[in-house]
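Below: the structure, in structure tokens.
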Amino acid sequence: MGGAVLLACPDASAQGRDPAAAEALFDAGRAALQAKDYDAACPKFRESYELDPAPGALLNLGDCEEKRGRVATAWSIFRQLARDLPANDDRRPIAQSRAAALEARVPRLTIRLAPGAPADTAVQRAGVPVGAGSLGSPLPVDPGEVHVTAAAPGRKQKTFTVQLAEGAQIELLVAPEGPAAAASAGPALPPRTAPQEAGGSPRRTAGWISAGVGAVGIGVGAVFGARAIGKKADAEAYCDEDNVCLDQGIKLQKQGVTAGTISTVAFLVGAAALGTGAVLVFTAPSSGQGSAPPRATIGVVPGGAVATVVF
């Protein structure tokens, strides 16, 4: 599901126009959408728009993409509608509110060349070239697994895999295979190393503390997750079957999105803390044995969280 966000709105002048076929595809897309068959509905709306670029097809495509979890794609569609529709079109405020509600849910991935990587390194994300202007910029990406490759003349291509949750903001350092840069490539999470321990007890103590923090985080995530579900259910009373909502419905949807984002972050941080605690407890040396502790890092950013443990 992850990958580069593809603009769903190609240049209409470059497409063959077929309004009759577009209408049939739109009707088929609406039927599939009502049946919650989003994987069937979304391509029909997309092709309908390409054959006859009507805003209604694009609005339904954005709704469909959001429902199947492609929040970055949906966000870009609603933003385009909000920008292109006339000011007096009553669909414009709907597109604006939908884009605003999705803003915090869109994952963003920042790709940088690792120190020592060749200057002519070619980077691709999901098969799409990442140019010099994109390197170092937090770009929106649909949630899921994203594959990034780095290659350079005389070096073997290396593939990096990143798992992006909704709202996550992750920075990735990439470099092709090679002794100069291989050691520095990977998630850009600066480790914080604990001092050398003479025995296992301090590490176990730290592990239990970390596990406690994780339990609290998961509890907070559960509370806000339930709140998000409740707000969404409340909002449905103010929205019609096309998800066109009154002001109160839009307000409740935004509150639900905020609660859902907090829930996601809390679950991620809680799970990371539990994992770190387990590592510290189960890898603690017995009394009298000295060993370097694992370097554990939990990185929390606005709208997301990432974690790593390095041995």
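Here is a yes/no grid of residues against (1) open to solvent by less than 30 Å² (accessible area, probe 1.4 Å); (2) at pLDDT 95 or above; (3) at positive phi:
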position	(1), (2), (3)
Asp11	no, no, no
Asp18	no, no, no
Phe26	no, yes, no
Ala31	no, yes, no
Tyr38	no, yes, no
Glu47	no, yes, no
Leu61	yes, yes, no
Taking the stretch 139-150 and the residues there that are part of a strand (DSSP E or B) and open to solvent by less than 30 Å² (accessible area, probe 1.4 Å), the one that is nearest to Pro176 (Cα to Cα) would be Ala150
Of the residues in the stretch 19-46, those that are part of a helix (DSSP H, G or I) and of a type in the set (Lys, Arg) come to Arg30, Lys44, Arg46
Quick count over the stretch 104-113, residues being open to solvent by 50 Å² or more (accessible area, probe 1.4 Å) and farther than 11 Å from Leu173 by Cα, is 1
Per the filter on the stretch 114-128, residues open to solvent by 60 Å² or more (accessible area, probe 1.4 Å) and at pLDDT below 95 are Pro115, Ala119, Asp120, Val128
Within the stretch 84-103, restricting to residues that are part of a helix (DSSP H, G or I) and among the polar types (S, T, N, Q), the one that is most open to solvent (accessible area, probe 1.4 Å) is Gln96
Picking from Gly167, Gly136, the residue that is in a loop (DSSP other than H, G, I, E, B), touching a strand residue (DSSP E or B) at 6+ places or on another chain (Cβ under 7 Å) and buried (at least 19 other Cβ atoms within 10 Å of the Cβ) would be Gly167
Could you please let me know if Leu268 is modelled with pLDDT under 70, open to solvent by 50 Å² or more (accessible area, probe 1.4 Å), over 25 Å from Ala95 (Cβ atoms) and not in a loop (DSSP other than H, G, I, E, B)?
no
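The values are calculated or read from the model by the stated rules, or taken from the named source; none is laboratory data. Only a predicted model underlies this, so the values are computations on that prediction, with no experimental measurement involved. Note that each Cβ is placed from the backbone with ideal geometry, even for glycine, and that neighbours are counted across all protein chains shown. Heavy atoms of the whole protein, side chains included, go into the accessibility calculation; ligands, DNA and RNA do not. Shrake-Rupley method; radii C 1.70, N 1.55, O 1.52, S 1.80 Å.
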